[in-house]
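Notes to accompany the following structure.
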Amino acid sequence: GAVVSQHPSWVICKSGTSVKIECRSLDFQATTMFWYRQFPKQSLMLMATSNEGSKATYEQGVEKDKFLINHASLTLSTLTVTSAHPEDSSFYICSARRDITEAFFGQGTRLTVV
Amino acid sequence: TQLLEQSPQFLSIQEGENLTVYCNSSSVFSSLQWYRQEPGEGPVLLVTVVTGGEVKKLKRLTFQFGDARKDSSLHITAAQPGDTGLYLCAGRTQGGSEKLVFGKGTKLTVNP
């Protein structure tokens, strides 16, 4: 399968600071990437769709000013959690679409805000 | 409302047993994927099914896409402890949507 790398795997930050998470497709170009959030023992919740060279499309209820997404190249999308608070602590996962039917996921980033 | 209903939500079985996980919807999907996720990691793609009635096999795993493309099943034969994980089905609705709709997942535990 295709390889999608997410970095960092885990991060602890202080309340009020910002955290950037990177998602890279290593062996294919991805015009579209997706960012998900997963709470313990729950399924994945789509936060936003990231399109290379254009603004991200956010799902209802997701604050675009808090979760900044940048998709500057065909292999890299970043999610920045701004002014993080403890309630933002979660498991964030990206996926990259290789073709019309298949998407591959990164290994996820565990964010803990203290 | 959940677009994709997965059942059972939890399943604990002994090594060597067979099991089936179901993914059902009232919507038609252009494609459907099955993923397995282990704690602290991202989902890993197992299979993609596209054609109604399609059956795909991956070693001891058999995936079936319903004729009407509204449902799917995953059957595991002679389960092993290494099969333990969260199994997620995800589908794309017709119309070329880019978004994957996920089921809530089936947490499978295979005891030695």
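Here are the numbers for the structure shown:
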quantity: Residue that is surrounded by the most Cβ atoms within 10 Å (Cβ to Cβ) [pool: residues in segment B:49-104 that are part of a strand (DSSP E or B) and β-branched (Val, Ile, Thr)]; calculated: B:49
quantity: Members of segment A:12-23 that are at negative phi and open to solvent by 30 Å² or more (accessible area, probe 1.4 Å); calculated: A:12, A:14, A:15, A:17, A:18, A:20, A:22
quantity: Checking residue A:98 against (1) in contact (Cβ under 8 Å) with a residue 40 or more places away in the chain; (2) touching a strand residue (DSSP E or B) at 6+ places or on another chain (Cβ under 6 Å); (3) crowded, with 16+ Cβ neighbours inside 10 Å, the condition it does not meet; calculated: (2)
quantity: Flag if residue B:19 is open to solvent by less than 50 Å² (accessible area, probe 1.4 Å) and within 14 Å of another protein chain (Cβ to nearest Cβ); calculated: no
quantity: Residues that are open to solvent by 10 Å² or more (accessible area, probe 1.4 Å) and either without any contact (Cβ under 8 Å) to a residue 12 or more places away in the chain or more than 9 Å from chain B (Cβ to nearest Cβ) (or both), drawn from segment A:103-112; calculated: A:112
quantity: Flag if residue A:113 is at pLDDT 90 or above, over 23 Å from residue B:46 (Cβ atoms) and touching a helix residue (DSSP H, G or I) at 6+ places or on another chain (Cβ under 8 Å); calculated: yes
quantity: Hits in segment A:43-58 (condition: part of a loop (DSSP other than H, G, I, E, B) and open to solvent by less than 100 Å² (accessible area, probe 1.4 Å)); calculated: A:43, A:52, A:53, A:54, A:56
quantity: Condition check for residue A:79: open to solvent by less than 10 Å² (accessible area, probe 1.4 Å), modelled with pLDDT of 95 or more and of a type in the set (A, V, I, L, M); calculated: yes
quantity: In segment A:31-42, the residues that are touching a His at 6+ places or on another chain (Cβ under 9 Å) and either away from chain B (no Cβ under 12 Å) or part of a loop (DSSP other than H, G, I, E, B) (or both); calculated: A:31
quantity: Residue match in segment B:38-48 (condition: surrounded by fewer than 18 Cβ atoms within 10 Å (Cβ to Cβ), hydrophobic (A, V, I, L, M, F, W, C) and over 28 Å from residue A:92 (Cβ atoms)); calculated: no
quantity: Criterion violated by residue A:61 - all others in (1) assigned to a loop (DSSP other than H, G, I, E, B); (2) under 28 Å from residue B:106 (Cβ atoms); (3) within 14 Å of chain B (Cβ to nearest Cβ); (4) out of contact with any Lys or Arg (no Cβ under 8 Å at 6 or more places or on another chain) satisfied; calculated: (3)
quantity: Residues that are within 13 Å of chain B (Cβ to nearest Cβ) and in a strand (DSSP E or B), drawn from segment A:1-17; calculated: A:4, A:5, A:6, A:7, A:10
quantity: Scope segment B:72-89; condition more than 10 Å from the chain's Cα centre (by Cα) and either closer than 21 Å to residue A:46 by Cα or within 14 Å of chain A (Cβ to nearest Cβ) (or both); matching residues; calculated: B:85
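The values are calculated or read from the model by the stated rules, or taken from the named source; none is laboratory data. No experiment lies behind these values; they were computed from the predicted model shown. Positions of Cβ are generated from backbone atoms using ideal geometry, with glycine treated the same way; all protein chains shown enter the neighbour counts. Calculation scope for accessible area: heavy atoms of the full protein, side chains included, ligands and nucleic acids excluded. Shrake-Rupley method; radii C 1.70, N 1.55, O 1.52, S 1.80 Å.
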